[in-house]
Amino acid sequence: MRSSRAFRAGSFTLALALSLLATACAADDKTDGASPSSSSADQSEDDARDLLGDALEDQEGKDERVLSTSDDDVIIVVEQTLSSQNAKARWGGSDLYVDLDGSAEDVTASSPCLALEAFLKDGEDAILSYGDGEIRCSER
């Protein structure tokens, strides 16, 4: 049983990390010069976007989470994945609150939303809480 839970949490972490990678890649500025390494990076970015698109497909009517993760699994994975921002997650009813270091005014402050929304079911929302404000992912 414990091995199964660890596998699900690991799989969820991998999927969330790929989603965050795709979000971060989309935020990078593109350069005009194309080199062989940049075309390879572009292909990887396209592959990551396709994977993320598949995960987000059919979000309407989503009755269960990806990999059948529990509320506790979601908290563990979010905190581990966003540990570089000292993430602390908690459920408040159907809302997932994620306390993060940084500023709500930062241009990348809402970047975790796309990944988090991929792992929530209908009726749930993610709220990113920074020292200077909150971002409700459904309203960004």
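Rule-based calculations on the coordinates, nothing more; no lab input. Bear in mind that the values here come from a model prediction, so they are computed numbers and not experimental data. Note that each Cβ is placed from the backbone with ideal geometry, even for glycine, and that neighbours are counted across all protein chains shown.
See the values below:
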{"read-out": "Selection from segment 77-89 of residues that are touching a residue at least 12 places away in the same chain (Cβ under 8 Å) and more than 15 Å from Ala126 (Cβ to Cβ)", "value": "Gln80, Asn86"}
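So that you can scan it fast, the table gives a plain yes or no per residue for (1) of a type in the set (Phe, Trp, Tyr); (2) surrounded by fewer than 16 Cβ atoms within 10 Å (Cβ to Cβ); (3) on the phi > 0 side of the Ramachandran plot:
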{"position": "Asp71", "(1), (2), (3)": "no, yes, no"}
{"position": "Thr81", "(1), (2), (3)": "no, no, no"}
{"position": "Trp91", "(1), (2), (3)": "yes, yes, no"}
{"position": "Glu105", "(1), (2), (3)": "no, yes, no"}
{"position": "Leu114", "(1), (2), (3)": "no, no, no"}
{"position": "Phe119", "(1), (2), (3)": "yes, no, no"}
{"position": "Gly123", "(1), (2), (3)": "no, yes, yes"}
{"position": "Ile127", "(1), (2), (3)": "no, no, no"}
{"position": "Asp132", "(1), (2), (3)": "no, yes, no"}
